[in-house]
1. Looking for something in the same structural domain as residue 17 (by TED's automatic domain parsing), among the polar types (S, T, N, Q) and more than 25 Å from residue 228 (Cβ to Cβ) - is there at least one such residue anywhere in the range 119-132?
2. So is residue 79 acidic (Asp, Glu) and modelled with pLDDT of 90 or more or not?
3. Show the residue pairs that are 6+ apart or on different chains and have beta-carbon atoms under 6 Å apart, the first residue being within the range 195-214 and farther than 13 Å from residue 225 by Cβ, the second being at pLDDT below 95.
4. Tally the residues that are assigned to a loop (DSSP other than H, G, I, E, B), modelled with pLDDT of 80 or more and surrounded by fewer than 15 Cβ atoms within 10 Å (Cβ to Cβ), restricting the search to the range 89-111.
5. Looking at 169, 149, 163, can you tell me which residue is over 15 Å from residue 61 (Cβ atoms) and among the hydrophobic types (A, V, I, L, M, F, W, C)?
6. Would you check if residue 233 is at pLDDT 95 or above and outside the structural domain of residue 127 (by TED's automatic domain parsing)?
7. Go through the range 40-87 and count every residue that is free of Cβ contacts under 8 Å to residues at least 40 places away in the same chain, surrounded by 15 or more Cβ atoms within 10 Å (Cβ to Cβ) and more than 30 Å from residue 23 (Cα to Cα).
8. Would you check which residues across the range 63-88 are in contact with a helix residue (DSSP H, G or I) (Cβ under 6 Å, 6 or more places away or on another chain), closer than 21 Å to residue 138 by Cα and part of a strand (DSSP E or B) and list them?
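The values are calculated or read from the model by the stated rules, or taken from the named source; none is laboratory data. These numbers come from a predicted model, not from an experiment. Backbone-built Cβ (ideal geometry, glycine too); neighbour counts: all protein chains shown.
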Amino acid sequence: MIVNWSFLTSHQWDIDHSLYTQDLLEENYYPYVNLAKEIYTQRKNVTFRKCPAHTDFLKNMFALIAPFDLTIEIDISNDKQSIYCENLTQNAFNELIDFRFLDDYDKVSSSYPLIGIDWLNVFTCDQSLVLQVFPAFFHDNDFTSKTTVIPGQFDISKWTRPVELVFEVKKSKEKIKIKKGDAVLYFKFNTDKIVKLVKADTPWEEIKTCNQIRTENTFRPLTERYESLEQVRKMKCPFKN
């Protein structure tokens, strides 16, 4: 099964990488590592790798690895909201760090600051395929020990949106050091078929369409979003089965 992918470092429409972040990326950067191969290299002959319940779960599961070093310092309290990244310019910070979740922080009864990093992943497939997002629970690094990635899932044949790295920080005051190559989250493609990841152009027009559908009702159920996107597709290509 072919899954097309593209990787972005900008939330601006129609550009794959911002002028402010593209210099941080290596030209040959590849975002994904096969999780089973990764953990079995580090855990040779462990008992659980013989368990079919475990091996089936790890099929078509990939780790997203950090493309460059990134240090994030936060200090969030009732009277202060501070986020600082020592290795980003202000323009790169504005492009990459998503702190919109803190806008109504004082109104939310949560002890865990919610932040996003715009390491954005777009996956598409011409067959029904559910993508699941998990915290990187097999990896031990500064990011995984101090944060919890927000999990989720959707059908990438029926909905086209960039997957952002969104996470809770376990303390309201923390310094998180992400090193280039660190695993930060897992992607699982929920199918028994073998998934092959193929780099492709970013499907900007469909992303814009999905964004418009989402904006009309932010918390609309996925099934309704799928139906709305399918209606748009049929309007654009009425003879398509």
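1. Looking for residues that are in the same structural domain as residue 17 (by TED's automatic domain parsing), among the polar types (S, T, N, Q) and more than 25 Å from residue 228 (Cβ to Cβ), one finds none in the range 119-132, hence no.
2. Against the criterion (acidic (Asp, Glu) and modelled with pLDDT of 90 or more), residue 79 does not qualify.
3. 202/16; 204/14
4. Adding up the residues that qualify gives 2.
5. Going through 169, 149, 163 in turn, just one is over 15 Å from residue 61 (Cβ atoms) and among the hydrophobic types (A, V, I, L, M, F, W, C): 169.
6. no
7. Final tally of qualifying residues: 2.
8. 63
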